Structures are given as structure tokens and as C-alpha cells.
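For reference, the structure discussed in these notes is given below.
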Amino acid sequence: MTAKVSARICLMALIAVSALAAPGLEGFARSRKVVEAPPPPLPPAKPVGLPTALLADAAAYEAYLARTTAISTGFTDGGSVASALRTAAAYEPTALIRGAVAYGAVAALEDPTFVADVRAAGNSPENRRIIVGYIVANPAYAFQFKNADVAAGLAKEALGGAALRLYAEGKAIKQSAYQVQHQSWSKTDVADRPGRLAAVEASANAPIQPAGDRVPVLEAAASGTQPQALPFVAQPAKPPYTPLLARSMQIAAIAALGEAGDDAYDRLVALTDDGATHTCLHMAKLNLYQCLAVAKPNYEDIFCMGQHVMMDTGACLAKNAGVEMPAPPPAPPPVVAPAPAKHRRSAHR
């Protein structure tokens with residue numbers, strides 16, 4: 001048998017074996033199920049938090065209130081009054097409101113149930129995008145999440161409690177304007193009255209003094225890594241909610257979704273504007289300038305500071321946070337002059 005014949009026989013045998021095996025292999029292929037690979041997991045939400053710049057605004061607001069409420073009534077000369085006046089007036093209304101809204105948002109983020117419910121709703125990039133759109137379009141959307149009333153109560157107390165303290169300290173400063181008048185220096189005219197007014201106006205239009213050391217503390221509180229030991233017990237806030245409070249909740253909800261990174265600062269700042277609070281603070285400043293324009297002795301500057309910087313500013317923030325102002329003391333009863341005694345007729349005529 002030649003090699004060519006042997007090769008042909010082997011080839012034919014191979015074809016025969018393949019033909020016998022083919023039906024079994026074909027059946028195996030038909031019976032085999034195709035298992036699809038699972039879809040890739042959705043990207044997780046970014047961490048809870050606020051832009052560093054917005055936290056700096058909140059820290060500056062907090063520090064302004066701390067400095068101003070620390071002003072003592074123990075004035076000793078015109079220089080101490082002028083210095084305190086510049087300190088108290090050193091806020092620009094837009095910046096103060098921005099810091100207040102951010103400060104309220106940090107407080108709202110301290111409720112873990114609210115944060116968890118917001119994040120559960122934003123369980124995909126598409127859902128987070130949609131929810132952010134709803135919140136931006138309507139701040140009331142932030143109140144639909146679980147424990148939103150508790151979170152709003154924290155924000156309300158953080159804003160309103162500090163504002164009431166400012167109001168109370170202003171009332172004490174105003175009262176000291178009357179008490180200090182037994183000291184001769186308080187009755188002397190303010191030195192360089194036009195220069196004093198210009199210095200106060202410049203202070204009032206300058207950026208609020210920063211407080212960088214407080215930024216890490218507020219950052220840890222907003223992210224939930226180190227909640228603050230809040231110096232108050234807040235009650236759940238009930239509707240209707242003021243625009244100032246709603247804006248804090250609006251930003252807190254976006255932060256809970258993880259959509260408030262540093263690149264979102266400008267978009268979030270646009271949400272902090274509150275016309276009612278701005279108008280109120282603007283009027284407080286105008287009243288201050290008018291008061292200082294006519295004030296002459298030092299004790300009148302103390303009165304202007306207590307009333308128009310501290311009391312008026314505190315009232316603006318408290319009322320627009322939805323906090324009730326303390327009731328004024330009852331008016332003293334009217335003094336009734338005693339009736340003139342009637343002359344008795346003499347029994348003896």
C-alpha cells in the first residue's frame with residue numbers, strides 16, 4: 001500500500017468519525033444556556049459634604065455672631081465705643097445671609113435619618129440628577145424626605161437661637177447707653193464724627209472677617225464624621241417654613257446627595273439669596289447710618305449700636321428663621337394723680 005493510499009484511508013476514517021460525533025456535539029450546543037455577564041455596578045454617590053468655600057462662609061458668620069455678642073457693656077471711653085461699633089457693624093448683608101444659610105445647612109445635616117433617606121432616593125446618577133433638579137426648582141421638595149422636620153428644627157434653632165442671643169445682647173448694650181451717662185466722658189461729643197461714620201460704613205461693606213480654624217470643625221459636622229455637640233435641643237420644625245430656613249434645607253439635601261462638591265460653590269451660592277432677609281438687614285444698616293449721622297455724645301453711639309446693629313440685625317435673622325421674638329415687657333400702669341382732698345365743712349358755724 002502506497003503512502004498516498006494510506007493518507008486517503010486515514011482522511012476517510014476521520015470524516016466518518018466526525019460525522020458520527022457531530023449530532024451529539026450539535027445537541028450539546030443546543031442544550032447549553034448562554035449566561036450573560038451581570039451589568040457593572042452603578043457608581044456610588046460622592047460623600048456627604050459642602051464646598052470648602054461655603055463652609056468658610058458659615059464659619060465667618062458663626063465668628064461674627066460670637067464676636068458681636070461678646071461686646072461688653074463696660075465701656076470706659078469714646079475709643080472703646082468706636083472700636084465696638086466697628087466690630088458690630090462689620091458685616092455685608094449678602095455675605096451674612098450666605099453664611100447663615102450655610103450654617104443652617106450644616107446643622108440640618110446632623111440628622112442622620114434625613115441624610116440616609118435622601119441618599120437612598122438618589123441611588124443612581126440619573127436619580128441624583130433628577131432630584132437635584134427638583135430641589136433647585138422648588139425648595140419645598142427637600143421637606144418630603146424622612147425626618148426633614150427634625151433636620152429643619154436643627155437648622156431653625158442654629159439660626160434663630162444665635163440671632164436671639166444677638167438681640168438680647170443688643171438690648172443690654174442699648175440699656176447701658178442710659179446707665180453710662182453718669183460718667184462724664186459719655187457726655188462729651190464723639191471725636192471726628194464724619195470720620196467715625198465713614199469708618200463704620202467701610203467696615204460694614206468689607207468682607208466678613210474669616211475664621212479658618214472653624215472650617216475643619218464644620219466640615220466634619222457636615223460630612224457626619226464628627227457631629228458637633230450642639231448647645232441646644234431642637235424641636236421638629238412645623239410648616240409654614242420661612243424662605244431662609246427652606247434655603248438651608250435645600251442646600252443640605254443637595255449636600256446629602258453628594259452633589260455639593262467644591263465645583264458646585266457658585267451654583268449653591270445662587271440658592272442662598274433671600275430677598276426678605278436682605279431687605280431687613282439693609283434697612284437696619286440705613287437706620288444705623290442715620291442714627292450715627294445725628295448722634296453727638298458718646299452715649300448716643302452706644303444707643304445706635306445696641307438698637308440698629310445688634311437688636312435690628314438679631315431680629316432680622318430670628319424672624320426670617322421662623323423664631324418668635326420675645327414679648328416686650330408690659331407697659332407700666334399709668335400714674336393716676338390723687339384726687340384733691342375736699343375741704344370739710346366746719347361743724348361750728
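Per residue, how many Å² of accessible area does the range 211-324 show with a 1.4 Å probe? Don't skip to the answer; put the middle values down first.
Details: 4980 Å² over 114 residues.
Averaged over the residues of the range 211-324, the accessible area is 44 Å².
Could you derive backbone 3J(HN,Hα) for the range 166-182 from the dihedral phi with the Karplus parameters 6.51, -1.76 and 1.60 (θ = phi - 60°), listing whole Hz in sequence and x where the residue is Gly or Pro?
Using θ = phi - 60°, the values come out as 4, 4, 5, 5, x, 5, 5, 5, 4, 5, 5, 5, 7, 6, 7, 6, 7 Hz.
Just to make sure I understand: if all protein chains stay in place, what is the order of Lys156, Lys238 by accessible area at 1.4 Å, largest first? Mind showing how you got there, number by number?
Working: Lys156 60, Lys238 160 Å².
Ranked from most to least accessible, the order is Lys238, Lys156.
Taking Rh as the Kirkwood radius computed over C-alpha pairs, what is the Stokes-Einstein D of the range 79-179 at 10 °C in a medium of viscosity 1.306 mPa s, expressed in µm² per second? Working shown, then result.
On the way: Rh = 16.4 Å.
Diffusion coefficient, whole number: 97 µm²/s.
Where the centroid of each part is defined by its Cα atoms, how far is the range 222-293 from the range 102-116 in Å?
Taking the Cα centre of each part, the range 222-293 and the range 102-116 sit 12 Å apart.
How much of the accessible area of the range 56-187, in percent, comes from carbon and sulfur atoms when a 1.4 Å probe is used? Intermediate values should be presented prior to the final figure.
Details: 2680 of 5140 Å².
Looking at the range 56-187 in its full context, I get 52 percent from C and S.
What list of ³J(HN,Hα) values in whole Hz, one per residue of the range 139-145 in order, does the Karplus curve 6.51 cos²θ - 1.76 cosθ + 1.60 (θ = phi - 60°) give from phi, with Gly and Pro shown as x?
Residue by residue, the range 139-145 yields x, 4, 4, 5, 8, 7, 7 Hz.
Treat each spin label as a single point 7 Å out from the Cα along the C-beta direction, and report the Asp266 to Gln290 distance in nm.
Between Asp266 and Gln290, the label points sit 3.9 nm apart.
Applying 1/(1 + (r/R0)^6) with R0 = 45 Å to the Cβ-Cβ distance of Gln144 and Gln179, what FRET efficiency is obtained, to the nearest 0.05?
Details: r = 52 Å, r/R0 = 1.15.
My answer for the efficiency is 0.30.
When a/c reaches 1.5 or more, the comparison of a/b and b/c decides; with that in mind, is the range 139-200 rounded, prolate or oblate per its Cα gyration tensor?
Working: a/c = 8.28, a/b = 2.70, b/c = 3.06.
Here the range 139-200 falls in the oblate category.
So if I restrict to the alpha-carbon atoms in the range 157-234, what is the Rg, and what is Dmax, the biggest pairwise distance, in Å?
That works out to 19.3, 55 Å for Rg and Dmax.
Could you give me D for the range 205-249, from Stokes-Einstein at 4 °C and 1.567 mPa s, where the hydrodynamic radius is the Kirkwood radius over C-alpha pairs? Units µm² s⁻¹, please. List each step's numbers first, then the result.
Numbers: Rh = 13.5 Å.
Once the numbers are plugged in, D ends up at 96 µm²/s.
At a 1.4 Å probe radius, which order do Arg98, Arg129 fall into by accessible area, largest first?
Details: Arg98 50, Arg129 145 Å².
Descending order: Arg129, Arg98.
Quick one: order Tyr178, Tyr241 from most to least accessible surface, probe 1.4 Å.
Working: Tyr178 125, Tyr241 65 Å².
Largest accessible area first, the residues go Tyr178, Tyr241.
Give the Kirkwood hydrodynamic radius (Å, one decimal) of the range 255-311, defined as one over the mean of 1/r across all pairs of different Cα atoms. Don't jump to the answer; show the numbers that get you there.
Values: mean 1/r = 0.0713 Å⁻¹.
When all Cα pairs of the range 255-311 are included, the Kirkwood radius is 14.0 Å.
Give the share of C-alpha pairs in each 10 angstrom bin for the range 289-331, from 0 to the last occupied bin, in whole percents, shortest bins first.
26, 39, 30, 6
What accessible area, in Å² to the nearest ten, does a 1.4 Å probe give for His282?
Surface accessible to solvent at His282 totals approximately 90 Å².
The values are calculated or read from the model by the stated rules, or taken from the named source; none is laboratory data. Just so we're clear, the structure is a prediction, and the values are computed from it rather than from any experiment. FYI the Cβ positions are ideal-geometry reconstructions off the backbone, even for glycines, and counts take in every protein chain you see. Protein only, heavy atoms only, side chains kept; ligands, DNA and RNA dropped before computing areas. Shrake-Rupley method; radii C 1.70, N 1.55, O 1.52, S 1.80 Å.
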